[in-house]
């Protein structure tokens with residue numbers, strides 16, 4: 001699937017050569033790979049896509065921020 005955390009992206013990248021060996025009898029296994037931001041291809045590309053995981057983390061951060069503000073007021 002599509003990685004949605006940094007850890008899953010790292011795992012995908014590390015496993016990529018192994019996965020490509022399973023296709024085409026291992027011919028064409030990449031020797032190197034490079035990641036770069038999509039904005040390098042298209043300046044209008046969004047910086048991030050909001051996912052359920054991101055929305056959940058933002059909700060949690062907002063709740064924690066509200067708790068801190070409430071604690072400071074009392």
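Since every read-out is calculated from the coordinates, none of them should be taken as a lab result. All values derive from a computational prediction rather than experimental measurement. Note that each Cβ is placed from the backbone with ideal geometry, even for glycine, and that neighbours are counted across all protein chains shown.
Using only the alpha-carbon atoms, how far is helix 52-73 inclined from the longest principal axis of the chain? Give it as 0 to 90 degrees, nearest 10.
Its long axis makes an angle of about 30 degrees.
For residue 14 and residue 40 in one chain, what is 0.36 nm times their gap in residues minus the Cα-Cα distance, to one decimal in nm?
On the way: separation 26, 0.36 × 26 = 9.36 nm, distance 2.32 nm.
Gain on stretching residue 14 to residue 40: 7.0 nm.
Note down the nm distance, to one decimal, between modelled labels 7 Å out along Cα→Cβ at residue 60 and at residue 23.
3.3 nm
Can you check what the Kirkwood hydrodynamic radius comes to for segment 28-69, Cα pairs only, in Å to one decimal? Walk me through the numbers before you get to the answer.
Working: mean 1/r = 0.0730 Å⁻¹.
Across segment 28-69, the inverse of the average 1/r is 13.7 Å.
Could you sort 9-15, 30-36, 49-55 so that the peptide with the highest average Cβ count within 10 Å comes first and the rest follow in order? Let's see the in-between values first.
Numbers: 9-15: 11.4, 30-36: 6.0, 49-55: 9.9.
In decreasing order of mean packing, 9-15, 30-36, 49-55 become 9-15, 49-55, 30-36.
What is the order of 8, 74, fewest Cβ neighbours within 10 Å to most?
Ranked by crowding around the Cβ, least crowded first: 74, 8.
Can you give the Rg to Rh ratio for the chain, taking only C-alpha atoms and Rh from Kirkwood? Walk me through the numbers before you get to the answer.
Numbers: Rg = 19.7 Å, Rh = 16.2 Å.
Looking at the chain, the ratio lands at 1.21.
Return the calculated 222 nm mean residue ellipticity for the chain, to the nearest 500 deg cm²/dmol, obtained by summing -39500 (n - 2.57) across DSSP H runs with n ≥ 4 and dividing by the residue count. Display every interim value, and only then the final one.
Details: 2 runs with 38 residues, N = 74.
Rounded to the nearest 500, the figure is -17500 deg cm²/dmol.
Which residues in segment 12-56 have a backbone N closer than 15 Å to a point placed 7 Å from the Cα of residue 4 along the Cα-to-Cβ line?
It comes to 49-56, nothing else.
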